[in-house]
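The structure appears below as structure tokens.
The values are calculated or read from the model by the stated rules, or taken from the named source; none is laboratory data. Worth saying up front: this structure is predicted, and the values here are computed from it rather than measured. Note that each Cβ is placed from the backbone with ideal geometry, even for glycine, and that neighbours are counted across all protein chains shown. SASA here: full protein model, heavy atoms, side chains in, ligands and nucleic acids out. Shrake-Rupley method; radii C 1.70, N 1.55, O 1.52, S 1.80 Å.
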Amino acid sequence: MSFPNVRMRRLRRTKALRTMLKQVQIQPSNLIYPIFADETISEPVPIATMPGYFRYPLDKVVEEGKAALEQGVKSVLLFGIPAEKDEMGSGAYAKNGVVQKAAWEIKSRFKDELVIIGDVCLCEYTNHGHCGIIDKKYCEVLNDDTLELLGKTAVSQVEAGVDIVAPSAMMDGQVFAIREFLDESGFEQVPILAYSAKYASAFYGPFRDAAESAPKFGNRQSYQMSQGSSVHEALREMELDISEGADMLMVKPALAYLDIISLAKASFDVPIVAYNVSGEYSMVKAAALNGWVDEADIVRETLTGIKRAGADLIITYHTKNVKDWLK
Ligand code: PBG
């Protein structure tokens, strides 16, 4: 059957009809709020490349947790800006590291009301800005030597109060190593959210500015995925992470990789998380600040698209203003 018997507009005629048929809806409880904790500051510092976003001193992270909860958000993702960086990224796994301290503050205040996710990576803590340790002779990021440090980072975060660890270094075997470290420390109940299909992306630019984590030489293309690689490679990354013990999978960035989100949803029975990254946020903000688009409408449409593609949870900087755009 076709026109004039079929008329698609029949089901769009009234607002009630449209609302009744709506299937994809964003809920604050499906959003994850990224927080930058900075141990070098005493007042919130605006992030120049991310309008409306701040780095927070340790004594202000609790307020951010509270703001999230008040909006119905259940989870925060912690990043740290340490006072010192070194070759081995030791601030990442220090007992009194910045993320550890931030997690402790939030956990002490909110207990199990708020789910704390820790980003497990070294790039914010190494003086060279890479996600692993460096073989100086060949200027290469060493895979297996990095695994131990990621394992230690995960354990120290959990000891401080982190509920879910999210390895983002894209080292081979990182999920396996972290699972082993956690289990050996008695943390067999702590889930791993694996940044599985993480692409080498220009959309991370503003984040690297915020976290001062840009690589000092070279780029991340020998460990993060290539933009033009086959979708089978993404599938393989995700399969491997599942087999190594990942409890949830992440695709990152979101908008240029909606096909990968769909693929993840169709292929695996674990929760799928999408990271609506810094550059995606900043572009919306820039256009909105110029009056070129309506921010609330654009944010709703963007997140609806990511969810429709198959994301169960979305990490997004727009979480901060969820009340403004979620009418
Ligand atoms: C750490 C990490 C990065 C992001 C999240 N975790 C930066 C990178 O890989 O360079 C980027 C997040 C964003 O752009 O919002 N490796």
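Cβ contacts < 8 Å: first residue within 23 Å of Tyr204 (Cβ to Cβ), restricted to the range 13-38; second residue modelled with pLDDT under 95, any location; separation 6+ or different chain. Result?
Listed by first residue and then by second, the contacts come to Leu31/Val322; Tyr33/Lys320; Phe36/Ala210; Phe36/Ala211.
Does the range 74-87 hold any residues that are surrounded by fewer than 19 Cβ atoms within 10 Å (Cβ to Cβ) and under 20 Å from the mean Cα position of the chain (by Cα), and which are they?
The one that is surrounded by fewer than 19 Cβ atoms within 10 Å (Cβ to Cβ) and under 20 Å from the mean Cα position of the chain (by Cα): Lys74.
Would you check which residues across the range 88-126 are within 16 Å of the ligand (Cβ to nearest atom), assigned to a helix (DSSP H, G or I) and open to solvent by 10 Å² or more (accessible area, probe 1.4 Å) and list them?
Once the filter is applied, which keeps residues that are within 16 Å of the ligand (Cβ to nearest atom), assigned to a helix (DSSP H, G or I) and open to solvent by 10 Å² or more (accessible area, probe 1.4 Å), the range 88-126 yields only Gly91.
Looking at (1) touching a residue at least 24 places away in the same chain (Cβ under 8 Å); (2) outside any helix (DSSP H, G or I); (3) open to solvent by 40 Å² or more (accessible area, probe 1.4 Å); (4) under 30 Å from Asp183 (Cα atoms), which is the one condition that is false for Val270?
All conditions are met except number (3).
Can you tell me which residues in the range 63-119 are farther than 30 Å from Ile134 by Cα and among the hydroxyl-bearing types (Ser, Thr, Tyr)?
Ser75, Ser108
With respect to Thr319, determine if the residue is open to solvent by 20 Å² or more (accessible area, probe 1.4 Å) and touching a residue at least 40 places away in the same chain (Cβ under 8 Å).
So Thr319 does not fit the description; no.
Of (1) out of contact with any Cys (no Cβ under 8 Å at 6 or more places or on another chain); (2) within 16 Å of the ligand (Cβ to nearest atom), Pro215 satisfies all except one. Which?
If we test Pro215 against (1) out of contact with any Cys (no Cβ under 8 Å at 6 or more places or on another chain); (2) within 16 Å of the ligand (Cβ to nearest atom), just (1) comes out false.
Sort out which residues of the range 280-299 are assigned to a helix (DSSP H, G or I) and either open to solvent by less than 10 Å² (accessible area, probe 1.4 Å) or aliphatic (A, V, I, L, M) (or both), and write them in order of number.
If the condition is that a residue be assigned to a helix (DSSP H, G or I) and either open to solvent by less than 10 Å² (accessible area, probe 1.4 Å) or aliphatic (A, V, I, L, M) (or both), then Glu280, Tyr281, Met283, Val284, Ala286, Ala287, Ala288, Leu289, Ala296, Ile298, Val299 are the ones that fit.
Which residue pairs have Cβ atoms under 7 Å apart, sit 6 or more places apart or on different chains, and have a first residue in the range 133-153 that is in contact (Cβ under 8 Å) with a residue 60 or more places away in the chain and a second that is polar (S, T, N, Q) and open to solvent by 80 Å² or more (accessible area, probe 1.4 Å)?
Within 7 Å, the pairs are Val141/Ser222.
Let's see how each residue does on (1) open to solvent by 50 Å² or more (accessible area, probe 1.4 Å); (2) among the charged types (D, E, K, R); (3) modelled with pLDDT of 95 or more:
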{"site": "Ala197", "(1), (2), (3)": "no, no, yes"}
{"site": "Ser201", "(1), (2), (3)": "no, no, yes"}
{"site": "Gly218", "(1), (2), (3)": "yes, no, no"}
{"site": "Leu240", "(1), (2), (3)": "yes, no, yes"}
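Yes/no matrix, rows are residues, columns are (1) in contact (Cβ under 8 Å) with a residue 40 or more places away in the chain; (2) farther than 20 Å from Tyr204 by Cβ; (3) touching a Leu at 6+ places or on another chain (Cβ under 7 Å):
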{"position": "Arg220", "(1), (2), (3)": "yes, no, no"}
{"position": "Ser230", "(1), (2), (3)": "no, yes, no"}
{"position": "Tyr275", "(1), (2), (3)": "yes, no, no"}
{"position": "Tyr281", "(1), (2), (3)": "yes, no, no"}
{"position": "Asn290", "(1), (2), (3)": "no, yes, no"}
{"position": "Val299", "(1), (2), (3)": "no, no, no"}
{"position": "Leu313", "(1), (2), (3)": "yes, no, no"}
{"position": "Asp324", "(1), (2), (3)": "no, yes, no"}
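Could you run through the range 242-256 and say how many residues are surrounded by fewer than 16 Cβ atoms within 10 Å (Cβ to Cβ) and away from the ligand (no atom under 14 Å from the Cβ)?
Total satisfying the criteria: 1.
Return a yes/no flag: does the range 172-184 have any residue that is more than 28 Å from Asn96 (Cβ to Cβ), within 13 Å of the ligand (Cβ to nearest atom) and open to solvent by 20 Å² or more (accessible area, probe 1.4 Å).
No: the range 172-184 contains no residue that is more than 28 Å from Asn96 (Cβ to Cβ), within 13 Å of the ligand (Cβ to nearest atom) and open to solvent by 20 Å² or more (accessible area, probe 1.4 Å).
Does Ala37 count as touching a strand residue (DSSP E or B) at 6+ places or on another chain (Cβ under 9 Å), assigned to a helix (DSSP H, G or I) and within 26 Å of Glu280 (Cβ to Cβ)?
no
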